[in-house]
Amino acid sequence: VELQGYAYDALLYAAQLFPDKATKYKQLASGVQQATLSRLWLPEVGFFAQGLGVDTNGQERLLDTLTSNAGLLLDSRLLADLSQDKIKKYIEPTISMLMSPQFHTPAGLRCRAARHAHIPGFADYHGSYAVWPKETFAIARGLERFGYQAEASQLHADIMHAVQQAGEFYEFFY
C-alpha cells in the first residue's frame, strides 16, 4: 500500500519536471489515488489493506493483513490531496488504529498488527514483534502533516526511548 503513495508523489513530481506531460502525469496520479481508496480501504476495519495478491486459482485477492505500511500514506500527498470530508474518512481511523495497542509499542509502531502475531508463527523481520524506527519516524512526519502533533511527539519519544534502552540505534527493534 505504501508504494501507492510513493507512485502518487512521483507522478506529481514528474508533472512538475515535465510541464508538457503534466496533464498525463496528473491523470495517472489521480488513477493511483482513486484505486488505492477504492481497492485497498477496509471500511469494516477503518484501515488500508497491505495490498493485492493472487490466489492459487490466479484470482486477485485482497491482502487484508494490517501492517504499518498503511501509515506511510500519511507521509504522502495521496491522502493530503483529498477533500476535507474524505480526509476525515481515511485519516482519523488510520491514525486511531496506528496509535492503538495493535501497533503502538514503547519502541514505536510494530510492522504488523498484534492481531496477526501468529503470521508466520515466529518473530520475523517485518512482523508483529518488529519495530522499524525509520518507518515510525516517517509515519510521525505524516502525523505532523495532518496536525496530529501529540501523536507525532509520542512516536518521536518512543524512538528515543528504544534507542536509550538498547544503548544504540538499530535498524529495527524486537
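The values are calculated or read from the model by the stated rules, or taken from the named source; none is laboratory data. Note that the structure is a prediction, hence the values are computed from the model and not measured. Every residue, glycine among them, receives a Cβ derived from its backbone with ideal geometry; neighbour counts consider all protein chains shown. Heads up: the accessible areas ignore ligands, DNA and RNA and are worked out on the full protein's heavy atoms, side chains in. Shrake-Rupley method; radii C 1.70, N 1.55, O 1.52, S 1.80 Å.
Some notes on this structure:
To keep it simple, each residue is scored yes or no on (1) under 11 Å from Val1 (Cα atoms); (2) modelled with pLDDT under 95; (3) surrounded by fewer than 13 Cβ atoms within 10 Å (Cβ to Cβ); (4) of a type in the set (Phe, Trp, Tyr).
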{"site": "Leu40", "(1), (2), (3), (4)": "yes, no, no, no"}
{"site": "Ala49", "(1), (2), (3), (4)": "yes, no, no, no"}
{"site": "Asn69", "(1), (2), (3), (4)": "yes, no, no, no"}
{"site": "Leu73", "(1), (2), (3), (4)": "yes, no, no, no"}
{"site": "Leu79", "(1), (2), (3), (4)": "no, no, no, no"}
{"site": "Ile87", "(1), (2), (3), (4)": "no, yes, no, no"}
{"site": "Tyr90", "(1), (2), (3), (4)": "no, no, no, yes"}
{"site": "Pro93", "(1), (2), (3), (4)": "no, no, no, no"}
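- Among the residues of the stretch 74-81, some residue qualifies, meaning at least one is within 11 Å of the chain's Cα centre (by Cα) and within 17 Å of Phe103 (Cβ to Cβ).
Residues are listed down the side, and each one gets a yes or a no for (1) assigned to a helix (DSSP H, G or I); (2) at pLDDT 95 or above; (3) closer than 14 Å to Leu66 by Cα:
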position: Ser100; (1), (2), (3): no, yes, yes
position: Gly121; (1), (2), (3): no, no, no
position: Glu135; (1), (2), (3): yes, yes, no
position: Leu143; (1), (2), (3): yes, yes, no
position: Ala150; (1), (2), (3): yes, yes, no
position: Ile159; (1), (2), (3): yes, yes, no
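- Total residues in the stretch 10-34, condition surrounded by fewer than 18 Cβ atoms within 10 Å (Cβ to Cβ) and under 21 Å from the mean Cα position of the chain (by Cα): 5
- Subset of the stretch 161-174 that is in a helix (DSSP H, G or I) and farther than 12 Å from Trp132 by Cα - its residue that is least open to solvent (accessible area, probe 1.4 Å): Ala166
- Residues of the stretch 115-160 that are open to solvent by less than 10 Å² (accessible area, probe 1.4 Å) and of a type in the set (Gly, Ala, Ser): Gly127, Ser128, Ala130, Ala138, Ala140, Gly142, Ala152.
Yes or no, residue by residue, for (1) free of Cβ contacts under 8 Å to residues at least 40 places away in the same chain; (2) not in a helix (DSSP H, G or I):
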| residue | (1), (2) |
| --- | --- |
| Asp9 | no, no |
| Gln16 | yes, no |
| Thr23 | yes, no |
| Gln33 | no, no |
| Arg61 | yes, yes |
| Leu73 | no, no |
| Tyr90 | no, no |
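- In the stretch 135-174, residue nearest to Phe122 (Cα to Cα) [restricted to those that are in contact (Cβ under 8 Å) with a residue 40 or more places away in the chain and aliphatic (A, V, I, L, M)]: Ala162
- Entry remark, the stretch 116-158: residues being acidic (Asp, Glu) and within 23 Å of Ala80 (Cβ to Cβ) number 3 in total.
- Flag for Thr65 being in contact with a His (Cβ under 7 Å, 6 or more places away or on another chain), polar (S, T, N, Q) and under 20 Å from Glu135 (Cβ atoms): yes
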